[in-house]
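A.B. asks: Handing you this structure, nothing more for now.
No lab work stands behind these numbers, since they all come straight from the coordinates. From a predicted model like this one, the values you see are computed outputs, not experimental measurements. So basically every Cβ, Gly included, is an ideal-geometry build from the backbone, and we count neighbours across all protein chains shown.
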Amino acid sequence: MAELIIYEATDGHIIIITPPPGVSGSSIVANVVPVDTDYKIILASNLPAVPYKLYDARFYDDTNEFGIRIDLPTARTIQVNRWRVARASLFPALDIAFMRALEINDTSSIITQKQTLRNVTSTDLSGCSTLTAIGETWPACLGSNPYTA
């Protein structure tokens, strides 16, 4: 079984190191992990899965067996930022449609669609208490969820 070395870098990021074949986790700790840094060595098969690629919501936590905890507010922020990226690609087509609609003096449906996209980031994720629930929440106006597991 492959070992993983997990620790928190000085910038707050979680570092997960997989030693190359034939190199022990303790050797990596002695040569790579900064002195006086808390770390965990676990088996790769024991690392909990992170659904919907919400990896940046992980934080080092030396109080649990995996050395990682999930910060749900950070996961919610990551998901809303994903909506912003998806939304940005939809506005140019609506801008063109709006210009065409101006010619016939019928812009109301385009205005409604654009406002719906603007309101996406107001979607309340506070009721989502797991990474799976956060990852599965995807506004229909953005199309299909590209992060679906």
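A.B. asks: In terms of modelled amide H atoms, which long-range or inter-chain residues lie less than 5 Å from the amide H of Tyr147?
C.D. replies: HN-HN under 5 Å from Tyr147: empty list.
A.B. asks: Could you list the trypsin sites (Lys or Arg not before Pro) in the stretch 82-149 that lie in coil according to DSSP, counting only those with at most 10 other Cβ atoms within 10 Å of their Cβ?
C.D. replies: Counting only loop positions with at most 10 other Cβ atoms within 10 Å, none of the trypsin sites (Lys or Arg not before Pro) in the stretch 82-149 qualifies.
A.B. asks: Taking θ = phi - 60°, what integer Hz values does the Karplus form 6.51 cos²θ - 1.76 cosθ + 1.60 yield along the stretch 10-23, in sequence order, with x for Gly and Pro?
C.D. replies: Computed from phi, the couplings for the stretch 10-23 are 5, 8, x, 6, 7, 9, 10, 10, 9, x, x, x, x, 10 Hz.
A.B. asks: What is the set of long-range amide H partners of Glu3 at a cut-off below 5 Å, with H atoms built 1.01 Å from backbone N?
C.D. replies: Distant-sequence amide H within range of Glu3: Ala44.
A.B. asks: Please report how far the C-alpha centroid of the stretch 110-149 lies from that of the stretch 5-35, rounded to the nearest whole angstrom.
C.D. replies: Spelled out, the Cα-based centre of one part sits 36 Å from the other.
A.B. asks: Using 0.36 nm times the number of residues separating Ala133 and Asp11, minus their current alpha carbon distance, what extension gain do you get?
C.D. replies: 41.1 nm
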